[in-house]
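These notes are about the structure you will find just below.
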Amino acid sequence: MTSKLFSYPGSIPKYKIAAGLGAVLFSIATLVFALPAASKSPGDKPDTQVGAADAASEKTTPKNEKKSKSGKATKVAEPIEEVIDSAKSGPKQRVVSLTFKQMGAWSSIKLRGVDGYQSLQFPVRADEVVVSAKLRMAYDYSPALIPELSHLQISLNERVVAVEGLPKDKGVGNSREINLDPRLFGDLNSLGFKLIGHYTRQCEDPFHSSLWLTLSDLGRLELTLAPLSVSNDLKTLPLPFLDKRENAALKLPFVFSGSPSFGTLKAAGVVASWFGMQAGTRGAQFPTTLNTLPNGNAVVFLRGADTIEGIKGAGVSNIAIQPHPTNVHAKLLVISGATEQDLLRAANTLALYAPTLTGQSVTVTKEVEPAPRKPYDAPAWLPTDRPVKFGELVRPDELHVQGYFPSVVRINYRVTPDLFTWRSPGAPMKLKYRATRLPFHKNSSLNVSLNANFIETIALNANYPLDTKTELTQRPTQVSNGATALREERLALPPYAVGGRNQLQLGYFFDVIKEGECMSLPPDNLQASIDAESTLDFSGYPHYVALPNLAYFASLGFPFTRFADLSETAVVLPDNPNADEMGVYLAVMGRMGESTAYPVLRHSVISAAEVDRVASKDLIIIGSGRSQTLMSKWADHLPMVQQDGERRVRERQESWWPSYRWEQEDVNALPVPPGSVNFSIAGSLAAMMGFQSPLQATRSAVFLYADKAGDLRKVSEALVDPERIPMVQGDFVVVDDKSVNHARVSETYYLGSLAVTSKIRWFFADQPILMGLLALFVAVLLATLVYRMVRRVRGKRQRKLS
């Protein structure tokens, strides 16, 4: 059983009381000067401070406001780019740009029918308020739409903010910029697009193919945000350092006093893994500074009597939130302790018990460490010893859809990538589903896909009898009982997509029956759902995989995350790591925490001189230039070596062009590389290298390297970029700002174990000649035995006859 004991301070120092009173007076002054902004129209541009307080009061109660007028629409001359703009619009404001794709649009937004509708959801940080907003969008629409009867309606939180006409001669290449009323924004927001379309003035088909409008997924929403005051209370964590509802990647500075020891860095790694867990799939980076506070929010580590710009530690194992000394809108999360063990105790407390912390500071007086994790038991991974229900993976409301064109049910899950699925039909899936079955809609179906790859189509009306005259399905005997009955299908997920990060897509398609012009219209009240008792079953597969494969490392941190607490992982840093090397170490720990949903409590941080004592562990090696001595020591094992002013690269066995996992034989051994090449070059290189640990054959190593320390950020950025993570393959990856190139150059080794029969089958699978010779030998042996048996029987008969 695990437990923590905390102590909370009983009084607040006088200087903190004075700081609090100053913050209150500043807020009152801001409110007074902001009041005149209430009379401005939504389209007016606010000053740096004016309007912030007014918008703040509206943010909490957006439903009580009057309906806003439509914003004025103007054309946008430049094409829309998919970027995040963090430029400052004022000393205390920032501009954030969210593309439709970042808000959840998987592709272009397609509106169909007479009243097609789709919406995008996005949050606003709890410690910020919108002071101005602009919507930039590009769209095309059908030339068959009647301009007088058709228009595009834009809404924000169910309030119409703009109506765009659809002229007949401008169907392609439309772009608009619309000012939005900042008072309409709340914490969670919905941006809606509705097409009111008509192609005839007579009776019309509401689902006619000419009723369409498409919005580009590169459209964007630009928000100017002003900060709000946040209390110095640990119960708000991870706010204000991280808002889970944000879509942008987290960039949170970590600050150390002087050159931190490896024990201090381990504590920082635990905290980074916790922030990585909170950031989720959007990614997290932790730029490192020494002895200097950044201008915004930051995490500060102080040991003993260390101080940074007047910020002091508690002298004991302590977690505290303190105001920034030079920025009234910024906070500092201070992790302090008298020793390295005190720092680690405070870091573990934050990572494991953050929801229970309250007050400005907490002192950890006692710690009982949790039990070590078992292999493959990461909370974010599907268990491989039992079937898993869909209800364990998503909320029940996410499994329900409605309408003639329902959205796709998407189920994300993660599985350890070392499941050996060779010559298996795939992972069993028991799919239970419900859907409104209209008797005459014979083509309605449920389409099943995995990672956008088609698997199966299930006919929703398959069990209905067929009328041979009309070739339409007949009504069931009892419609009320049979129309939405629970049905079940058993499928198998393809073996090539069993491991790693996956998304199961379940899309309903309802057949539209057109009964004729001006006839009864089909109902639009169709309902469908996937039952939460549906299951995925990954049990029964052995753990056996070919390595090195950096795709596993980039996707799920494997093989290091085989133990979620990284108890069998050691991070090897240079003797005196610089800020860039510490930053990439923290980013990797954040990625590990995100991959497993568990903090890295038991990893080790060592120097190259100590590597022999961790021979039984997997190794993550970080270095730049000549700082990492293991590059020269293990030169014969690395895919690439920078030594004595020259770069030696092994000859590659596969193309540098990107490829997908299923296009490669992941468990196909490569021969020993035939050679290498040495050359001198002036340019800088950043790379990831995977290889077998020289210390133990059953252990793995990954080397994160850059010629220049500043280029290590390219590696950490690639590991949190969803667009580039799939490009990380093989055992040698070269990373640039926008591109990733990979190759296979190292020898293959295997991790895991197989049953004896599977080992024999696996061994002969790649040895056809040996298999043929063995078969011939067995045939000759059997023939010899049969021949001798026949001779013996014949001899017995002859002796009996004689």
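Values as computed for the structure displayed
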{"quantity": "Top-ranked residue of segment 144-162 - restricted to ones that are more than 22 Å from ASP217 (Cβ to Cβ) and surrounded by fewer than 19 Cβ atoms within 10 Å (Cβ to Cβ), ranked as farthest from the chain's Cα centre (by Cα)", "calculated": "GLU148"}
{"quantity": "Selection count, segment 335-367, where residues are polar (S, T, N, Q) and either in contact with a Cys (Cβ under 6 Å, 6 or more places away or on another chain) or closer than 14 Å to GLY263 by Cβ (or both)", "calculated": "4"}
{"quantity": "Test: SER216 is of a type in the set (Ser, Thr, Tyr) and closer than 14 Å to SER119 by Cα", "calculated": "yes"}
{"quantity": "Top-ranked residue in segment 296-321 [being among the small types (Gly, Ala, Ser) and part of a loop (DSSP other than H, G, I, E, B); ranked as nearest to ARG345 (Cα to Cα)]", "calculated": "SER317"}
{"quantity": "Scan of segment 151-178 for residues that are among the hydroxyl-bearing types (Ser, Thr, Tyr) and modelled with pLDDT of 90 or more, ordered by number", "calculated": "SER155"}
{"quantity": "Condition met for PHE553 (of a type in the set (Phe, Trp, Tyr) and at pLDDT below 95)", "calculated": "no"}
{"quantity": "From ASP187, ASP181, residue being in the same structural domain as ARG94 (by TED's automatic domain parsing), crowded, with 22+ Cβ neighbours inside 10 Å, acidic (Asp, Glu) and modelled with pLDDT of 85 or more", "calculated": "ASP181"}
{"quantity": "Residues within segment 343-366 that are farther than 20 Å from MET589 by Cβ and of a type outside the set (A, V, I, L, M, F, W, C), tallied", "calculated": "9"}
{"quantity": "Verdict on SER216 being closer than 30 Å to LEU195 by Cβ, of a type outside the set (A, V, I, L, M) and buried (at least 17 other Cβ atoms within 10 Å of the Cβ)", "calculated": "yes"}
{"quantity": "Selection from segment 126-143 of residues that are crowded, with 19+ Cβ neighbours inside 10 Å and outside any strand (DSSP E or B)", "calculated": "SER142"}
{"quantity": "Condition broken by PRO428, with the remaining ones in (1) out of contact with any Lys or Arg (no Cβ under 9 Å at 6 or more places or on another chain); (2) outside any loop (DSSP other than H, G, I, E, B) satisfied", "calculated": "(1)"}
{"quantity": "From VAL409, VAL368, residue being of a type outside the set (Lys, Arg) and within 30 Å of PRO206 (Cβ to Cβ)", "calculated": "VAL409"}
{"quantity": "Residues (surrounded by 11 or more Cβ atoms within 10 Å (Cβ to Cβ), under 30 Å from PRO375 (Cα atoms) and aliphatic (A, V, I, L, M)) located in segment 756-775", "calculated": "ILE760, ALA765"}
{"quantity": "Failed item in (1) in contact with an Asp or Glu (Cβ under 7 Å, 6 or more places away or on another chain); (2) surrounded by fewer than 22 Cβ atoms within 10 Å (Cβ to Cβ); (3) basic (Lys, Arg), with ARG626 passing the rest", "calculated": "(1)"}
{"quantity": "In segment 407-438, the residues that are over 21 Å from the mean Cα position of the chain (by Cα) and crowded, with 18+ Cβ neighbours inside 10 Å", "calculated": "LEU419, PHE420, THR421, ALA427, MET429, LEU431, TYR433, ARG434, ALA435, ARG437, LEU438"}
{"quantity": "So TYR749, is it out of contact with any Ser or Thr (no Cβ under 8 Å at 6 or more places or on another chain), among the aromatic types (Phe, Trp, Tyr), modelled with pLDDT of 85 or more and exposed (fewer than 11 other Cβ atoms within 10 Å of the Cβ)", "calculated": "no"}
{"quantity": "Candidates THR384, THR363, filtered to the one that is in a strand (DSSP E or B) and among the hydroxyl-bearing types (Ser, Thr, Tyr)", "calculated": "THR363"}
{"quantity": "Residue list for segment 719-744, restricted to those being within 21 Å of VAL641 (Cα to Cα) and of a type in the set (Gly, Ala, Ser)", "calculated": "GLY730, ALA743"}
{"quantity": "Tally, over segment 712-741, of residues that are within 22 Å of ALA248 (Cα to Cα), of a type outside the set (A, V, I, L, M, F, W, C) and in contact (Cβ under 8 Å) with a residue 60 or more places away in the chain", "calculated": "6"}
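The values are calculated or read from the model by the stated rules, or taken from the named source; none is laboratory data. Given the structure is predicted, the values throughout are model-derived calculations rather than measurements. Neighbour counts run over all protein chains shown; Cβ positions are idealised from the backbone, glycine included.
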